[in-house]
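The values are calculated or read from the model by the stated rules, or taken from the named source; none is laboratory data. Bear in mind the structure is a predicted one, so any value in this text is a computation, not a measurement. In this analysis, Cβ positions are derived from the backbone assuming ideal geometry, glycine residues included, and neighbour counts consider all displayed protein chains. Areas reflect the complete protein model, heavy atoms only, side chains present, ligands, DNA and RNA absent. Shrake-Rupley method; radii C 1.70, N 1.55, O 1.52, S 1.80 Å.
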Amino acid sequence: MDRALDSKVFVLSGASRGLGLATAQVLAAEGAKVVLGARSPAVVDIAAELGGIGVVCDLATGIVLGFFVM
């Protein structure tokens, strides 16, 4: 099956619910690898279900933002 986003990586914040989660689900379904960030610890399990990586973080702090995108 040829998926449009195979071998692409997307980094999403606010991905444990709402629009961020919906976006992550669509991207993963199209073959993308996803790296999800959110304050909720649930993001780790959500990312695993999508075959990605989840990072528990608060992107309002610059230090954590730098770590998240490294």
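With every protein chain present, what is the per residue accessible area of the stretch 1-41 (1.4 Å probe, Å²)? Numbers along the way, then the final one.
Values: 2630 Å² over 41 residues.
With all protein chains present, the stretch 1-41 gives 64 Å² per residue.
Determine Rg/Rh for the stretch 1-50; Rg is computed over alpha-carbon atoms and Rh is the Kirkwood hydrodynamic estimate from the same atoms. Please list the in-between numbers first.
Numbers: Rg = 10.4 Å, Rh = 10.7 Å.
My calculation puts Rg/Rh at 0.97.
Can you figure out the FRET efficiency of ALA60 with VAL26, using R₀ = 30 Å and their beta-carbon distance, to the nearest 0.05?
According to the calculation, E is roughly 0.70.
Each label point is 7 Å from the Cα along the Cα-to-Cβ direction; what then is the distance between the points at SER7 and ALA48, in nm?
3.0 nm
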